[in-house]
Amino acid sequence: MEPVPYRPRCIYLTCKSMQVWGEDFQNDPEYQAGMVEFTCTQTMQGDGPDGAPASVELCSDPQRPCFQEFSTASSREL
């Protein structure tokens, strides 16, 4: 299996896998099986403030108006 290239995601994106597995969330069997529901912490719902769904793919688009890049440095500052 080839490693997935790094793509920044939005700091407001979360899911159970991210809470339990941290930055290794993509190795969670539930995530791999597509059983994870994503939440935007700005709205606390499955959609972002722009009305589009919350997901790793959609919330990795810097053109999205609500996008705020996640970095491990920014998570330590919170």
Exercise. Which order do the peptides 29-38, 7-16 take when ranked by the mean count of other beta-carbon atoms within 10 Å per residue, highest first?
Key: 7-16, 29-38
Quiz prompt | Summed residue charge, Cβ within 11 Å of GLY48's Cβ, Lys/Arg positive, Asp/Glu negative | solution = -2
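From the C-alpha coordinates alone, can you work out the Kirkwood hydrodynamic radius of region 13-77, in Å?
Values: mean 1/r = 0.0807 Å⁻¹.
12.4 Å is the Kirkwood radius here.
For GLU30, what charge total do you get from the other residues with a beta carbon under 12 Å from its beta carbon, if Lys and Arg give +1 and Asp and Glu give -1? Walk me through the numbers before you get to the answer.
Details: positive: LYS16; negative: ASP28, GLU37.
Its environment carries a net charge of -1.
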Quiz item: In debye to the nearest 20, how big a dipole does region 13-77 give about its Cα centre with +1 on each Lys and Arg Cβ and -1 on each Asp and Glu Cβ?
Solution: 120 debye
Practice problem: Return the sequence-ordered ³J(HN,Hα) values of region 14-26 in whole Hz as given by the Karplus equation 6.51 cos²θ - 1.76 cosθ + 1.60 applied to θ = phi - 60°, using x for Gly and Pro. | Solution: 8, 7, 4, 4, 5, 5, 8, 9, x, 5, 8, 4, 5
Quiz item: What net charge do the residues around CYS10 carry, taking every other residue with its C-beta under 10 Å from that of CYS10, with Lys and Arg at +1 and Asp and Glu at -1?
Solution: 0
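Since every read-out is calculated from the coordinates, none of them should be taken as a lab result. This one's a predicted model, so the numbers in the text were calculated from it and none came from an experiment. FYI the Cβ positions are ideal-geometry reconstructions off the backbone, even for glycines, and counts take in every protein chain you see.
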